[in-house]
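The values are calculated or read from the model by the stated rules, or taken from the named source; none is laboratory data. As the structure is a computational prediction, the values presented were derived from the model and not from experiment. Cβ coordinates were reconstructed from backbone atoms using ideal geometry, including for glycine residues, and neighbour counts include every protein chain displayed.
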Amino acid sequence: MSQKVRFDELSLSEGIMEAVKEMGFEFASPIQSEAIPFVLEGRDVIGQAQTGTGKTAAFGIPLIEHVVPFEKYVQAIILCPTRELALQVTEEMKKLSKHIKGVWVTTVYGGDSIERQIKSLKAGANIVVGTPGRVIDLIERRALKLERATKIVLDEADEMLDMGFREDIESILEELPDERQTVLFSATMSKPIMALTNRYLTNPKLVKVVKNEITNDNIEQLYFDVKGKAKMEVTTRLIDFYNLKLLLIFCNQKKRVDEVVEELMNRGYAAEGLHGDLRQNQRTQVMNRFRSGSVNILVATDVAARGLDVDNVDGVINYDIPLDEEYYVHRIGRTGRAGKSGKAFTLVVGSERNRLREIMNYTKVKIEKGVIPTFTDVVGIKKGMFIERVKETIEEGGLELFDDVLEALHHAGCSTEQVVSALVKMNMGVAKNEFADENLDGELDRQSRKYGRDRDDRGGRGDRDRDRRGAGRFERDRGGDRRGGSYGRDDRGRDRDRGGDRGPRFDREGKPYRSDDNMVRLFVNIGFNEKISPSNIVGAFAGETGIPGNALGHIQIENRHTYVDVPKEYVKDVVDKMVGATIKGRRVMVEVAKGK
């Protein structure tokens, strides 16, 4: 539909109209204006739309309109791939049904008390929103009965299939009456999706958001042509230069998520990962920390991020260029919401520019090439921010308690200029590395290879020679044997290929990391034989206990066991809460190391 459709043109009940007005909506989104009439008619519908297009209301409004109020049996069920999406859909359904009495919505999902969910179902629910695995569990316990449910919605169906829920979905569909209405929403129309629709939907109506309506005008989209070895350096420069306070970074593989999180933590950033290897309680804890702002960078795969809905995300960085054009749209739609502006940056290496052109052809949007901030640019930005913070602190007053500190430093032989410079350095947390004076633009790198000479700012051959030898911490031996390896806050920040010591490390506030004097060494009964990495340890400890990932110290992985240094104040919690926990599918035992 090219013209906008008002909600009052869609023949909706007074209760729905009142709720829609309270939610601030006057016009239906394209997917809503197309889907609502067909779903109201009772037809099977296939909706192709991404998160953020208003698809929940597109199926939610007609479902609520069809519910027989005050009847406590399940009349409709909505399946979602993740707990987060199920909770968001439930919240939206409750808002839409707020002014219609006798409509009860409940949520069921893994990672939460099944007894509480059974109690909620027994109390009466005519619309159930749930994840496939927990729905199956409840059906098998005879707590969820679907023989009278005449409506089913498969939300994010492509992701449910990708996550291996096909058999569960088919089993749930078999529980419903043959005479039912089936509505399926998916971001992609893959072969498995078409096979599912051909088998379970009857004469479905296809509705979709047209491509030029997908991207958000509020999002500044840029790509950066980078050298592969410098991806992390460019990422951190973008974070600092654009002052991104709440950020999503997307990777194509779970392994890459762990690597990026580890590298960001090594550089002093508060980052956590989200991927399919995390258990539900770990996902919940990660998301809670991200929403609260205690962790401001979330690194995720596309599947794990489905249903992730967080307000005020400043930007999205595609660390890996997405494998599917629609994933690009889905990723950048996480920012620039509710009329706010957002930034979407894509790192492109070498021949990936062909993939970028495919994305631009698909979205009908030209993505401009961005200029990689220099090391000097980043330092300048941080200096300005530091000056503003100092001015604000002075204006707040209450500095009398610290009047004697400068005099004490003078007595210690420090000049005022040295004190100020040292405080700035500690606060800014920046230090030169091997990339500080290097041009990181991948286009220049390709030109120098093409013409047989190095065309960077220095004019020498050092960069090419270094490529032959290995590029430091950005080139990691991903398949090699690391037996007896030792990883720690003092070790993981080190150049892995050359083993050079970069000296003491500081966090983003300029504070030194904890010393070993405050650490207790813990023993974990798995090691290299189970193919674990430091990020597995960090993820498990943080996910199970809530300890900040960057609070962990030295991590030493041996063949059959691992030693982890943990701050004293966390030891009891870690030992207690890791009881019964698993790492990479194996139940682990964690205890204070003997003689350590």
The lone exception for V234 - which of (1) in contact (Cβ under 8 Å) with a residue 60 or more places away in the chain; (2) among the hydrophobic types (A, V, I, L, M, F, W, C); (3) under 23 Å from P30 (Cα atoms) it fails: (3)
Failed criterion for N252 (all others in (1) touching a residue at least 60 places away in the same chain (Cβ under 8 Å); (2) buried (at least 22 other Cβ atoms within 10 Å of the Cβ) hold): (2)
Subset of the stretch 301-326 that is under 17 Å from K254 (Cα atoms) and at pLDDT 90 or above - its residue that is surrounded by the most Cβ atoms within 10 Å (Cβ to Cβ): I317
Positions within the stretch 166-200 being within 24 Å of the chain's Cα centre (by Cα) and surrounded by 21 or more Cβ atoms within 10 Å (Cβ to Cβ), in sequence order: F185, S186, A187
Restricting the stretch 87-125 to residues that are in contact with a Lys or Arg (Cβ under 6 Å, 6 or more places away or on another chain) and β-branched (V, I, T), the residue that is nearest to I61 (Cα to Cα): V105
Long-range neighbours under 8 Å by Cβ, at least six apart or interchain, first residue outside the structural domain of G315 (by TED's automatic domain parsing) and closer than 17 Å to F541 by Cα within the stretch 286-303, second at pLDDT 90 or above and small (G, A, S): none
Condition check for V316: among the aliphatic types (A, V, I, L, M), out of contact with any Cys (no Cβ under 9 Å at 6 or more places or on another chain), closer than 21 Å to V286 by Cα and not assigned by TED's automatic domain parsing to the domain that holds A86: yes
Among the candidates E65, E18, E91, residue that is in the same structural domain as N203 (by TED's automatic domain parsing), within 27 Å of G333 (Cα to Cα), of a type in the set (D, E, K, R) and not in a loop (DSSP other than H, G, I, E, B): E91
Flag if V329 is touching a helix residue (DSSP H, G or I) at 6+ places or on another chain (Cβ under 9 Å), among the β-branched types (V, I, T) and assigned to a helix (DSSP H, G or I): yes
Number of positions in the stretch 332-359 that are under 22 Å from K227 (Cβ atoms) and either outside any helix (DSSP H, G or I) or free of Cβ contacts under 8 Å to residues at least 12 places away in the same chain (or both): 10
Residue count, the stretch 88-117 (criterion: surrounded by fewer than 17 Cβ atoms within 10 Å (Cβ to Cβ) and of a type in the set (A, V, I, L, M, F, W, C)): 1
Single match in E174, E167, E179 (criterion: modelled with pLDDT under 90, more than 30 Å from V348 (Cα to Cα) and either assigned by TED's automatic domain parsing to the domain that holds Q48 or part of a strand (DSSP E or B) (or both)): E167
R6, sole failed condition from (1) crowded, with 22+ Cβ neighbours inside 10 Å; (2) of a type in the set (K, R); (3) without any contact (Cβ under 8 Å) to a residue 24 or more places away in the chain: (1)
Any hit, the stretch 334-348, residues being among the basic types (K, R), touching a strand residue (DSSP E or B) at 6+ places or on another chain (Cβ under 9 Å), farther than 24 Å from R256 by Cβ and at pLDDT 80 or above: no
Extreme residue, surrounded by the fewest Cβ atoms within 10 Å (Cβ to Cβ), among residues of the stretch 363-389 that are under 24 Å from the mean Cα position of the chain (by Cα) and not hydrophobic (A, V, I, L, M, F, W, C): G370
Conditions (1) in a helix (DSSP H, G or I); (2) touching a helix residue (DSSP H, G or I) at 6+ places or on another chain (Cβ under 6 Å); number of the one not met by L146: (1)
